[in-house]
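The values are calculated or read from the model by the stated rules, or taken from the named source; none is laboratory data. Predicted model, so just to flag it, every value in this text is computed and none were measured. Neighbour counts are summed over all protein chains in view; Cβ atoms, including those assigned to glycine, are modelled from backbone coordinates with ideal geometry. The accessibility values were calculated without ligands, DNA or RNA, using every heavy atom of the protein model including side chains. Shrake-Rupley method; radii C 1.70, N 1.55, O 1.52, S 1.80 Å.
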Amino acid sequence: MNWFLYIAITLTTFILMEGFTWCLHRYVMHGFGWYLHKDHHEKGPGFFEKNDAYFLIFAIPSWLLIMLGVMYKQYWMISIGAGFTLYGLAYFLVHEVIIHQRIKWFTRSNNTYVRAIRWAHKMHHKHLDKEEGESFGMLWVHKRYWDKVREDKKRNAKQMQVSETAH
Ligand SMILES: [Zn+2]
Ligand SMILES: [Zn+2]
């Protein structure tokens, strides 16, 4: 068995999933699937959102691929299923935990990636309706948001210096 090949399939699946998620978010969730995604843009009370149904849409094919792959010894299916699952976990960690803080981990992180992705998604949520929007991706952050956070950090660092020398 060629492990490299299966790892490569898993990684490729993971990367393609980001593109797929972008399209899903842009054209389905902000299209005919808006009725499930709407409550994610109008944060109401309660822990669960209708939007969480999209997790099932990802979970079912991952589970089927892994189960059938194991049953029929089709390792490429397991590899794709593993890619889906890893993407789901990463999505959960980034979108639900880091961005929306449904679980309170990394709340005070000053990491540039964490700040850039929060900013990018904040810009996505700025639009309360389905038509307009920006920043539909999830793990990959557009350069302009990285730049903004880097600029902010630089400006803050400078201000710190100024206030230190003033004392
Ligand atoms: Zn959205
Ligand atoms: Zn969100």
**Fill in**
Checked segment 36-57 for anything away from ligand 1 (no atom under 13 Å from the Cβ), part of a helix (DSSP H, G or I) and farther than 12 Å from H95 by Cβ; matches are A53, L56, I57
**Request:** Mind counting the residues in segment 134-167 that are modelled with pLDDT of 80 or more and under 30 Å from R26 (Cβ atoms)?
**Result:** 15
**Message:** If I ask for residues that are loosely packed, with under 13 Cβ neighbours inside 10 Å and out of contact with any Lys or Arg (no Cβ under 9 Å at 6 or more places or on another chain), which ones from segment 27-52 would you list?
**Reply:** Y27, F32, E42, K43, G44, P45, G46, F48
**Message:** Condition (residue is out of contact with any Asp or Glu (no Cβ under 7 Å at 6 or more places or on another chain) and closer than 17 Å to G137 by Cα) applied to segment 55-66: is it met by at least one residue?
**Reply:** yes
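Please find, among A90, A120, A116, the residue that is within 16 Å of ligand 2 (Cβ to nearest atom), open to solvent by less than 40 Å² (accessible area, probe 1.4 Å), closer than 18 Å to F14 by Cα and at pLDDT 85 or above.
Working: A120 fails: closer than 18 Å to F14 by Cα; A116 fails: closer than 18 Å to F14 by Cα.
One residue alone meets the criteria, A90.
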**Item:** Residues being under 21 Å from L86 (Cα atoms) and aromatic (F, W, Y) - total across segment 14-55
**Value:** 5
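Can you say whether L11 is open to solvent by 50 Å² or more (accessible area, probe 1.4 Å), touching a residue at least 40 places away in the same chain (Cβ under 8 Å) and more than 16 Å from ligand 2 (Cβ to nearest atom), as far as the supplied structure shows? Can you show your working first?
Values: open to solvent by 50 Å² or more (accessible area, probe 1.4 Å): yes; touching a residue at least 40 places away in the same chain (Cβ under 8 Å): yes; more than 16 Å from ligand 2 (Cβ to nearest atom): yes.
The answer is yes for L11.
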**Message:** Please go through (1) in contact (Cβ under 8 Å) with a residue 60 or more places away in the chain; (2) closer than 21 Å to V141 by Cα for G88 and return the number of the only condition it doesn't satisfy.
**Reply:** (1)
**Complete:** Residues of segment 32-66 being touching a residue at least 12 places away in the same chain (Cβ under 8 Å), away from ligand 2 (no atom under 16 Å from the Cβ) and not aromatic (F, W, Y), in sequence order, are A59, P61, S62, L64, L65, I66
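Being open to solvent by less than 40 Å² (accessible area, probe 1.4 Å), within 16 Å of the chain's Cα centre (by Cα), at pLDDT 90 or above and not charged (D, E, K, R) is the requirement here; does G83 meet it? Step through it out loud before you land on a result.
Details: open to solvent by less than 40 Å² (accessible area, probe 1.4 Å): yes; within 16 Å of the chain's Cα centre (by Cα): yes; at pLDDT 90 or above: yes; not charged (D, E, K, R): yes.
Yes, satisfied.
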